[in-house]
Amino acid sequence: MEKSLKVVMVDDNTDFLFTMETFLQRNGFEVHTAEDGQKGLDLIKKERPDLILLDIMMETLFSGFEVCKQVRSDEDLRDIPIIGISAMGDELDINYSQWPDYEYFRPDTFLEKPVDKQRLLQLIPEVIQKAKKHKRSPKWKKEMEKDWAQKASQKKRP
């Protein structure tokens, strides 16, 4: 039996969380939810999900922008793919894809609310595959491989 993909969803809209959690669970995903950025970051650290669905505009001090920044700067978390989600386009008439901020907010992709659920189901495997291709080796593994290479080159010398 294939293990289901683990998703952490962070959004301050509890109705949206419930709807998306139900939808994703019915489509075979293991879903964990948090209603604010700090709880979301704690949950991400605890669960080590395969994917993060992250609302960027939350009514809390610790917004999705900050969660994304923290995840991307943490060596143990930075390769987890993030799908940014927001209603900025609807609420503020701002289209994120026109004004991205890759220096501060670097999701793997972005969806506007209301989320097209079928499009989300198509995006999830694409985003996860892309992240696996670009996954960086952990620092300890790089150091170990470097050490092995040095030892191997020393053995070859006469």
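Brief remarks on what is shown
- Test for Thr60: is it modelled with pLDDT of 95 or more, over 19 Å from Val127 (Cα atoms) and of a type outside the set (A, V, I, L, M): no
- Those residues of segment 93-144 which are closer than 18 Å to Val67 by Cα, in a loop (DSSP other than H, G, I, E, B) and either in contact with a strand residue (DSSP E or B) (Cβ under 6 Å, 6 or more places away or on another chain) or at pLDDT 55 or above (or both), in sequence order: Glu103, Tyr104, Phe105, Arg106, Pro107, Asp108
Residues checked against (1) under 13 Å from the mean Cα position of the chain (by Cα); (2) within 19 Å of Asp108 (Cβ to Cβ); (3) charged (D, E, K, R):
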position: Lys3; (1), (2), (3): no, no, yes
position: Asn13; (1), (2), (3): no, no, no
position: Glu35; (1), (2), (3): no, no, yes
position: Glu47; (1), (2), (3): yes, yes, yes
position: Phe62; (1), (2), (3): no, no, no
position: Cys68; (1), (2), (3): yes, yes, no
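The values are calculated or read from the model by the stated rules, or taken from the named source; none is laboratory data. Source: prediction; values computed, not measured. A quick note on method: Cβ atoms are made from the backbone with ideal geometry, for glycine too, and the neighbour counts reach across all protein chains shown.
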